[in-house]
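**Student:** What follows is a structure written as structure tokens; I'll ask about it next.
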Amino acid sequence: MGFKRVLLKLSGEALMGEQGYGIDPEIVQSIASDVAACVAGGTQLAIVVGGGNIFRGLKGSAAGMDRATADYVGMLATVMNAITLQDGLERAGVPTRVQSAISMQEVAEPYIRRKAIRHMEKGRVVIFAAGTGNPFFTTDTTAALRAAEIGADVVFKATKVDGVYNKDPNKHADAVRFESLSFLEVLSSELEVMDGTAIALCKDNSIPIVVFDLFGPGNIGRAVAGDPIGTRIHP
């Protein structure tokens, strides 16, 4: 069972690889080649990208910045990532459009739902940048919101780990990975998959979430094909 229209959520941290800051070109090209194979197979694909590799609003706020201001800076960081990702995808032969929730017409289209859907129907990848355009919302929430708006079959959260664990696998050798969870289990156990608003949005709209390791070769394609990979969160 494959998925026809998917929303892929990429964290900013995933783009920086082992560098500690910024964007690793090799990771961008690896993502681009995986996405190109999926689009060639007829999958309609949209991407929401975070900005934590450049600036994280919560950290700025903790350092004394006004929270709304810090979040706006974080949104601008996602636009930088989106344009970089667009370049990588187009070099891999995938026509791509960036749509920004904050108006910046010289570098990106404004977010228009119907236009985004039309791009996808024509085989273009759409990258949604600048979050929801509002402070106090994460890019996880953006992913859930855009997925509902465009009628996506699933949200893929591609991360540095191969699924959802009962505790941090990097700190605990006895951490156990879940193959499948319900939305209620995620919310009641406060598992750190996505923030509560994003989980609730997907729950209300019956959009499953698949959490998997971004760095396994071909993993995006496997997820699109519906192969058992990572952790599936479902109604």
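**Student:** Of the numbered conditions (1) of a type outside the set (Phe, Trp, Tyr); (2) closer than 22 Å to Asp24 by Cα; (3) surrounded by fewer than 17 Cβ atoms within 10 Å (Cβ to Cβ); (4) within 17 Å of the chain's Cα centre (by Cα), Met80 fails exactly one; give the number of that condition.
**Tutor:** Unmet condition: (3).
**Student:** A further question follows. Restricting to segment 4-26, name every residue that is touching a helix residue (DSSP H, G or I) at 6+ places or on another chain (Cβ under 7 Å), touching a residue at least 12 places away in the same chain (Cβ under 8 Å) and surrounded by fewer than 20 Cβ atoms within 10 Å (Cβ to Cβ).
**Tutor:** Of everything in segment 4-26, those that are touching a helix residue (DSSP H, G or I) at 6+ places or on another chain (Cβ under 7 Å), touching a residue at least 12 places away in the same chain (Cβ under 8 Å) and surrounded by fewer than 20 Cβ atoms within 10 Å (Cβ to Cβ) turn out to be Arg5, Gly22, Ile23.
**Student:** Would you please list the contacts, defined by Cβ atoms under 6 Å and residues six or more apart or on different chains, that run from a residue in segment 140-155 that is acidic (Asp, Glu) to a residue that is assigned to a strand (DSSP E or B) and surrounded by fewer than 20 Cβ atoms within 10 Å (Cβ to Cβ)?
**Tutor:** Close Cβ pairs (under 6 Å, with a partner that is assigned to a strand (DSSP E or B) and surrounded by fewer than 20 Cβ atoms within 10 Å (Cβ to Cβ)) amount to Asp153/Arg5.
**Student:** Only residues in segment 177-191 that are more than 11 Å from Thr231 (Cα to Cα) and aromatic (Phe, Trp, Tyr) count as the first member; pair them with residues that are at pLDDT 90 or above and assigned to a helix (DSSP H, G or I), Cβ under 6 angstrom, at least 6 apart or cross-chain, and list the lot.
**Tutor:** Filtered contacts from segment 177-191: Phe183/Ile199; Phe183/Lys203.
**Student:** Under the condition of being in contact with an Asp or Glu (Cβ under 7 Å, 6 or more places away or on another chain) and β-branched (Val, Ile, Thr), which residue from segment 121-143 is surrounded by the most Cβ atoms within 10 Å (Cβ to Cβ)? Steps first, answer last, please.
**Tutor:** Filtering segment 121-143 for residues in contact with an Asp or Glu (Cβ under 7 Å, 6 or more places away or on another chain) gives 135-136, 138, 140-141.
Still in the list and also β-branched (Val, Ile, Thr): 138, 141.
On the way: Thr138: 19, Thr141: 22.
Among those residues, the one meeting the criterion is Thr141.
**Student:** When the residues of segment 83-106 are narrowed to those that are within 19 Å of Glu13 (Cα to Cα) and touching a residue at least 60 places away in the same chain (Cβ under 8 Å), which ends up surrounded by the most Cβ atoms within 10 Å (Cβ to Cβ)? I'd like the intermediate steps shown before the answer.
**Tutor:** First pass over segment 83-106, keeping only residues within 19 Å of Glu13 (Cα to Cα): 83-89.
Right, trim to touching a residue at least 60 places away in the same chain (Cβ under 8 Å) and you get 84-85, 88.
Numbers: Thr84: 17, Leu85: 24, Gly88: 22.
Filtering first and then ranking leaves Leu85.
**Student:** What number of residues within segment 177-235 are of a type in the set (Lys, Arg) and either on the phi > 0 side of the Ramachandran plot or surrounded by fewer than 16 Cβ atoms within 10 Å (Cβ to Cβ) (or both)? Walk me through how you get there before you give the answer.
**Tutor:** Within segment 177-235, the first condition is being of a type in the set (Lys, Arg), and the residues that meet it are 177, 203, 222, 232.
Add one more test, that the residue is either on the phi > 0 side of the Ramachandran plot or surrounded by fewer than 16 Cβ atoms within 10 Å (Cβ to Cβ) (or both), and what stays is 177.
Within segment 177-235, residues that are of a type in the set (Lys, Arg) and either on the phi > 0 side of the Ramachandran plot or surrounded by fewer than 16 Cβ atoms within 10 Å (Cβ to Cβ) (or both) number 1.
**Student:** So in segment 155-172, with the set limited to residues that are crowded, with 23+ Cβ neighbours inside 10 Å and not small (Gly, Ala, Ser), which one is farthest from Ile27 (Cα to Cα)? Break it down stepwise before answering.
**Tutor:** Narrowing segment 155-172 to residues crowded, with 23+ Cβ neighbours inside 10 Å: 155-158, 164.
Filter again for not small (Gly, Ala, Ser), leaving 155-157, 164.
Working: Val155: 21, Phe156: 17, Lys157: 16, Val164: 22 Å.
Of everything passing the filter in segment 155-172, Val164 is farthest from Ile27 (Cα to Cα).
The values are calculated or read from the model by the stated rules, or taken from the named source; none is laboratory data. Model, not experiment: these values are computed from the prediction. Because the Cβ atoms are built from the backbone with ideal geometry, glycine has one as well, and the counts that use them run over all protein chains shown.
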